[in-house]
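Okay, structure first, notes after.
The values are calculated or read from the model by the stated rules, or taken from the named source; none is laboratory data. Computed from a predicted structure; not experimentally measured. Every residue, glycine among them, receives a Cβ derived from its backbone with ideal geometry; neighbour counts consider all protein chains shown.
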Amino acid sequence: MRVVMIHALAESIPPVRMAFGEVFPEAEVINLLDEGLLIDFDDKLTPKLLRRMGTLVNYSAEYGADAIGLACSVYAPAVEILKELVDVPLVSSYGPVMADAVAAGPRVGIIASVPATIRDAEHYLLKEAEERNTKIETFPCLAEDLIPVLREQGEEGFQRRLAEEVNKLAPKVDAVLFSQFSMATALDHVKSNCSVPVLSPPHSSARRLKELLMGRGG
């Protein structure tokens with residue numbers, strides 16, 4: 001079973017490898033990186049960017065993907081369009097983890113390093129809650145220094161910063177959502193140093209893709 005994960009950040013590749021190793025080790029995971037997807041993103045999904053993502057999705061399907069996952073949160077709004085291009089399952093970075101967040105609520109903290117991600121994460125979380133006829137209260141937290149901290153201080157510094165933000169949210173929420181794949185390498189550290197459940201998009205995506213592919217008898 002081959003799963004192709006499409007990335008806009010190199011930092012989201014290690015979390016995907018980790019999550020699939022823990023949740024769906026049967027999968028052959030291919031990581032496809034186009035850093036321009038985020039470099040050229042200016043808080044807006046333009047037709048040009050949608051075409052570029054469509055090309056990557058088609059490429060993945062043509063060259064053997066049994067399923068495709070998006071690891072870039074800002075492209076989640078494009079999934080309904082992109083899934084019409086291919087005949088294999090296509091999973092948004094948000095879909096699986098939002099279902100988990102609604103189940104863990106009703107008060108959910110959201111951590112992101114990109115303003116557009118906070119906006120989109122809130123939108124999809126509330127949409128998921130509405131579809132499930134459930135009320136959710138969101139507590140957004142924007143920490144724009146997270147990726148620079150990861151690049152400058154390494155994984156230990158990154159883990160400490162994330163734990164700080166989770167602990168600020170903890171008294172107000174029932175669970176905290178990591179809204180970006182790149183955060184998931186800190187999951188074990190944060191869980192062991194924080195008092196609330198923490199949800200990881202790549203782990204949720206790996207579980208959902210396993211359900212889809214194993215359910216098909218793959």
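Here are some notes:
- Any hit, region 36-46, residues being basic (Lys, Arg) and out of contact with any helix residue (DSSP H, G or I) (no Cβ under 8 Å at 6 or more places or on another chain): yes
- Meets criteria (farther than 28 Å from Glu28 by Cα and assigned to a loop (DSSP other than H, G, I, E, B)) for Lys135: yes
- Condition check for Tyr59: farther than 18 Å from Asp120 by Cα, aromatic (Phe, Trp, Tyr) and either outside any loop (DSSP other than H, G, I, E, B) or more than 16 Å from the chain's Cα centre (by Cα) (or both): yes
- Among the conditions (1) within 19 Å of the chain's Cα centre (by Cα); (2) surrounded by fewer than 17 Cβ atoms within 10 Å (Cβ to Cβ), the only one that Pro171 does not satisfy is (1).
- Hits in region 18-54 (condition: touching a Leu at 6+ places or on another chain (Cβ under 8 Å), of a type outside the set (A, V, I, L, M, F, W, C) and under 26 Å from Asp66 (Cβ atoms)): Asp34, Glu35, Arg52, Gly54
- The residues of region 66-90 that are in contact (Cβ under 8 Å) with a residue 60 or more places away in the chain and either buried (at least 23 other Cβ atoms within 10 Å of the Cβ) or under 18 Å from Arg119 (Cα atoms) (or both), listed by number, are Ala67, Ile68, Gly69, Leu70, Ala71, Cys72, Ser73, Val74, Tyr75.
- Close contacts from region 129-155, counting a first residue that is farther than 14 Å from Gly109 by Cα and a second that is surrounded by fewer than 17 Cβ atoms within 10 Å (Cβ to Cβ) and basic (Lys, Arg), with Cβ to Cβ under 7 Å and a gap of 6+ residues or different chains, come to Ala129/Lys135.
- Only one of the numbered conditions (1) within 18 Å of the chain's Cα centre (by Cα); (2) buried (at least 18 other Cβ atoms within 10 Å of the Cβ); (3) modelled with pLDDT of 95 or more is violated by Phe139, and that is (2).
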